[in-house]
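*Asks:* Sharing a structure, written as structure tokens. Questions coming.
Bear in mind these aren't lab numbers, they're just calculated from the coordinates by the rules spelled out. A quick note: this is a predicted structure, and the numbers were derived from the prediction, not measured. For neighbour counting, all protein chains shown are included, and Cβ atoms are generated from backbone atoms with ideal geometry for every residue, glycine included.
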Amino acid sequence: MLFSPIVNNQEDADWDWFWWEEVSYGLYLIRERFFEPNKRANIWLVQGSLRDLVIDAGLGLRDLRSYLEATGLIGSKAVMAVATHIHFEHSGGLHHFDRVAVHRAEAKALMRGNNFETATWLYDSEITRTPQKGWRAKHYRVKAVQPSRILDHAFQNLFIQAGINRTQSEKSQNLESIYQSCDYYNSHSSLLMSYQFRLFVRYE
């Protein structure tokens with residue numbers, strides 16, 4: 001039986017900053033509707049039997065976790081937000097989550113809220129609908145976050161511990177989708193550049 005993706009059609013829901021699509025069972029793609037498409041990050045939600053993983057968190061101009069709760073995409077299970085790397089469009093929303101995982105190479109910069117390391121470079125013209133009255137891009141900063149988990153090459157373990165049980169082909173397809181969308185060729189993608197992560201995504 002072929003899987004038919006579910007799309008959350010929000011063209012008329014002007015109050016929703018986010019948009020989501022169910023890519024396959026338990027795997028959701030989330031995007032920020034009013035951020036320049038060529039710059040916005042793909043946000044992923046992977047639902048596990050024990051806990052859920054949010055991979056990258058967007059700009060943080062709106063509360064992603066509250067949105068996921070309101071839409072029923074996350075519920076009573078624990079949620080871990082994982083940053084593939086800490087550029088602002090990936091890490092800006094991490095402060096909305098209680099549990100955050102980041103690669104060791106970028107942990108200190110995230111804890112300091114270092115906006116040089118997060119490559120924070122946002123223009124008013126890139127936001128087509130402001131998140132609140134009077135908002136200006138020049139005031140935007142990535143907030144400091146204290147990670148609850150520091151990763152070396154342990155991305156695979158996050159999936160195992162979340163109880164994400166898929167068939168071999170489903171796991172490969174789902175994670176390949178995530179892998180291909182996360183700025184892999186960016187030299188700052190410490191987590192994605194790890195041999196263990198690439199091996200897990202491609203072959204396990």
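*Asks:* Could you pull out the chymotrypsin sites (Phe, Trp or Tyr not before Pro) across the stretch 20-104 that fall in loop regions by DSSP (anything but H, G, I, E, B) with no more than 15 other Cβ atoms inside 10 Å? Walk me through the numbers on the way to the answer.
*Replies:* Working: sites: W20, Y25, Y28, F34, F35, W44, Y67, F88, F97; in loops: Y25, F34, F97.
For chymotrypsin sites (Phe, Trp or Tyr not before Pro) across the stretch 20-104 that sit outside H, G, I, E and B with at most 15 neighbouring Cβ atoms in 10 Å, the list reads Y25.
*Asks:* If we count other beta carbons within 10 Å of each Cβ, what is the order of L29, L64, L110, fewest first?
*Replies:* L29, L110, L64
*Asks:* Still on this structure, please answer the following. Please work out whether the stretch 88-143 counts as rounded, prolate or oblate from its C-alpha gyration tensor, where a ≥ b ≥ c are the square roots of the eigenvalues and a/c under 1.5 means rounded, while otherwise a/b larger than b/c means prolate and anything else oblate?
*Replies:* Values: a/c = 2.68, a/b = 1.82, b/c = 1.47.
Verdict is prolate for the stretch 88-143.
*Asks:* If you don't mind, there's one more thing I want to ask. At a Förster distance of 25 Å, what's the computed FRET efficiency of Y123 paired with E21, Cβ-Cβ distance as r, to 0.05?
*Replies:* That pair, Y123 with E21, gives E of 0.40.
*Asks:* Also, I was wondering about something else. Would you list R112, R99 from fewest to most Cβ contacts within 10 Å?
*Replies:* On the way: R112 13, R99 16.
So the ranking, lowest neighbour count to highest, is R112, R99.
*Asks:* Another question, then. Pairs of alpha-carbon atoms within less than 8 angstrom and 6+ residues apart define the contacts here; what relative contact order does the stretch 5-129 have, in percent?
*Replies:* Averaging sequence separation for qualifying contacts and normalising by length gives 19 percent for the stretch 5-129.
*Asks:* Using the Cβ atoms and a cut-off under 10 Å, what net charge is assigned to the surroundings of A70, where Lys and Arg are +1 and Asp and Glu are -1? All intermediate terms of the calculation are to be shown ahead of the outcome.
*Replies:* Details: positive: R65; negative: D16, D63, E69.
Result for the local shell: -2.
*Asks:* Identify all lysines with a Cα-Cα distance to K108 below 30 Å; exclude those on the same chain that are fewer than 8 residues away in sequence.
*Replies:* K39, K77, K138, K143
*Asks:* To continue, here is another question. First select every other residue whose beta carbon is under 12 angstrom from the beta carbon of L53; then total the charges, Lys and Arg +1, Asp and Glu -1. List each step's numbers first, then the result.
*Replies:* On the way: positive: R51, K77, R99, R149; negative: D52, D56.
Net charge in that neighbourhood comes out at +2.
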